[in-house]
1. Inside the stretch 67-114, can you point out the residues that are assigned to a loop (DSSP other than H, G, I, E, B) and of a type in the set (Phe, Trp, Tyr)?
2. Which residue, of THR104, THR90, is surrounded by fewer than 21 Cβ atoms within 10 Å (Cβ to Cβ) and of a type in the set (Ser, Thr, Tyr)?
3. Go through (1) out of contact with any Asp or Glu (no Cβ under 8 Å at 6 or more places or on another chain); (2) modelled with pLDDT of 95 or more; (3) hydroxyl-bearing (Ser, Thr, Tyr); (4) within 18 Å of THR207 (Cβ to Cβ) for TYR121 and report which single condition fails.
4. Filtering the stretch 136-157 down to residues that are aliphatic (A, V, I, L, M) and under 12 Å from LEU169 (Cα atoms), which residue is surrounded by the most Cβ atoms within 10 Å (Cβ to Cβ)?
Amino acid sequence: MNRYVFFIICTFFIVISTEVLSMTWGQDAWGNANWGADEITEPDTSSEPEADLSVIPEIPQQSLSRITRTDGAATESTISIGASSDGGETTDTTFTVDDEVTITAKVYPDSDDVGEEGELYVVMRSTVDGKKTFSALNQDGNWEAWNASLKTLPAAKFVKSLEEVEDVLVYSGTITVGERLFYVGYSLFTAEGKPVITTSLSPYKITVSE
C-alpha cells in the first residue's frame with residue numbers, strides 16, 4: 001500500500017469518527033447539548049409496543065429543567081414527564097422487565113405559540129449492552145430508528161391548534177433491560193426544512209432490570 005492510499009484511508013476514518021463523536025445539539029442535530037452518542041446503530045424496535053395515542057392516563061409528573069429552543073431563542077415553555085407501573089398511583093424511575101410501564105408528558109407551549117399549528121416529538125435513547133441507539137415515536141404510534149438529524153425526525157403528533165397544555169403518551173408497555181433517556185418537545189408546524197424544536201436539555205431517565 002503506497003503512502004497516498006494510506007493517507008486517504010486514514011482521512012476517511014478520521015472524518016467519520018469526528019461526525020459521530022460530535023453529535024451535538026447544533027446545526028444538524030436535536031439542540032446544542034451532547035446526546036452522548038459515541039455509536040449510532042439501528043435500534044431493535046421489534047419488542048417496543050405501539051403507543052395508543054388516544055388514551056393518555058394521568059401520571060404524577062416532574063418538571064424537566066433547562067428548557068431551550070434549538071435555534072437558541074428564549075422560551076417560556078415548560079415540560080414535565082412521569083412514569084408509573086401501577087396506573088399512576090405512584091411514580092418511579094426504576095422498573096423490571098415484568099412491569100407494565102406508562103410514561104406520559106405534558107408540554108406547555110410558549111404563550112406566543114398557543115393557537116398555532118404545531119407538532120409534538122418524542123425521542124428515546126437506549127443504552128443496552130453498552131450500545132447507544134436512538135428511536136423516535138411517529139404518528140402511527142410506532143418507534144422508528146432515528147439518525148439524530150432534525151431533518152429526519154418524525155413528529156409523534158400533528159396539532160391543528162396548540163393548547164396551553166398538550167398531553168403526550170410517551171410509552172406504554174413492558175421494556176427490555178437497559179437504560180432509557182426520553183426527550184419530549186414541540187415545534188410550530190414546518191412544511192419543509194428543519195423544525196425549530198423546544199425541548200429539555202435534561203432528559204428523563206429510567207432504568208430497567210431483570
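1. none
2. THR90
3. Tallying (1) out of contact with any Asp or Glu (no Cβ under 8 Å at 6 or more places or on another chain); (2) modelled with pLDDT of 95 or more; (3) hydroxyl-bearing (Ser, Thr, Tyr); (4) within 18 Å of THR207 (Cβ to Cβ), TYR121 fails exactly one: (4).
4. LEU137
Residue-wise test of (1) within 18 Å of VAL101 (Cα to Cα); (2) in a strand (DSSP E or B).
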site	(1), (2)
MET124	yes, yes
LYS132	no, yes
ASP140	no, no
PHE158	no, yes
TYR171	yes, yes
VAL184	yes, yes
THR190	no, no
ILE206	yes, yes
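The values are calculated or read from the model by the stated rules, or taken from the named source; none is laboratory data. Bear in mind that the values here come from a model prediction, so they are computed numbers and not experimental data. Virtual Cβ from ideal backbone geometry, glycine too; neighbours counted across all protein chains shown.
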